[in-house]
Amino acid sequence: MNTISEILTAFKADLETNIPALLTAEGLDNFDVYTIGQSRNERQKALCIYKSDNTHDDNQNTLTMLFQLQLYGIDYAVAELYGQVIFDYLKIYDPEEIGMNYIDSMENDSWPMEKSGTTLIYIEVRYVEILDSCD
């Protein structure tokens, strides 16, 4: 498994490179910012990347990544289109890019926030690296 810093940096670079064209294909505007950690501006369309959980045992390393879509001023139905684009991209993202072997599970949750006019979408992806006796 790569270091957490390497993984966060790799995801940020890959998302910044690949997501704009996928959003455009769906008639959606690009995110204002792709960031490791939270957005510094609550009125942005932001794709935020976090490490959620990292565990190790004798047989495997597991890493759970959290991708937060902060969609200010976006209608809920449109926000769900953004979420689907990111979810679909992460389903086909090669885990070997971050030193892992496969995706164990994926979860998607949406939170429309009426007072702020923001929808938050969380996508959690759990990656596994199988260890052998040399690890």
Unmet criterion (only one of (1) out of contact with any strand residue (DSSP E or B) (no Cβ under 7 Å at 6 or more places or on another chain); (2) over 18 Å from Lys91 (Cβ atoms); (3) part of a helix (DSSP H, G or I)) for Asn41: (3)
Segment 1-57, residues that are hydroxyl-bearing (Ser, Thr, Tyr) and more than 27 Å from Gly117 (Cα to Cα): Thr3, Ser5, Thr9, Thr17, Thr55
Matching residues in segment 23-51 - criterion: being among the aliphatic types (A, V, I, L, M), surrounded by fewer than 16 Cβ atoms within 10 Å (Cβ to Cβ) and in contact (Cβ under 8 Å) with a residue 24 or more places away in the chain: Ile36
Segment 108-135: number of residues that are part of a strand (DSSP E or B) and under 22 Å from Tyr72 (Cα atoms): 13
Test set (1) surrounded by 15 or more Cβ atoms within 10 Å (Cβ to Cβ); (2) assigned to a helix (DSSP H, G or I) - Asn2 fails condition number: (2)
Identity of the residue in segment 52-91, in a strand (DSSP E or B) and exposed (fewer than 15 other Cβ atoms within 10 Å of the Cβ), that ends up farthest from the chain's Cα centre (by Cα): His56
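The numbers here are math on the coordinates, done by the rules we state, and not lab data. All values derive from a computational prediction rather than experimental measurement. Every residue, glycine as well, gets a Cβ built from its backbone with ideal geometry; the counts of neighbours run over all protein chains shown.
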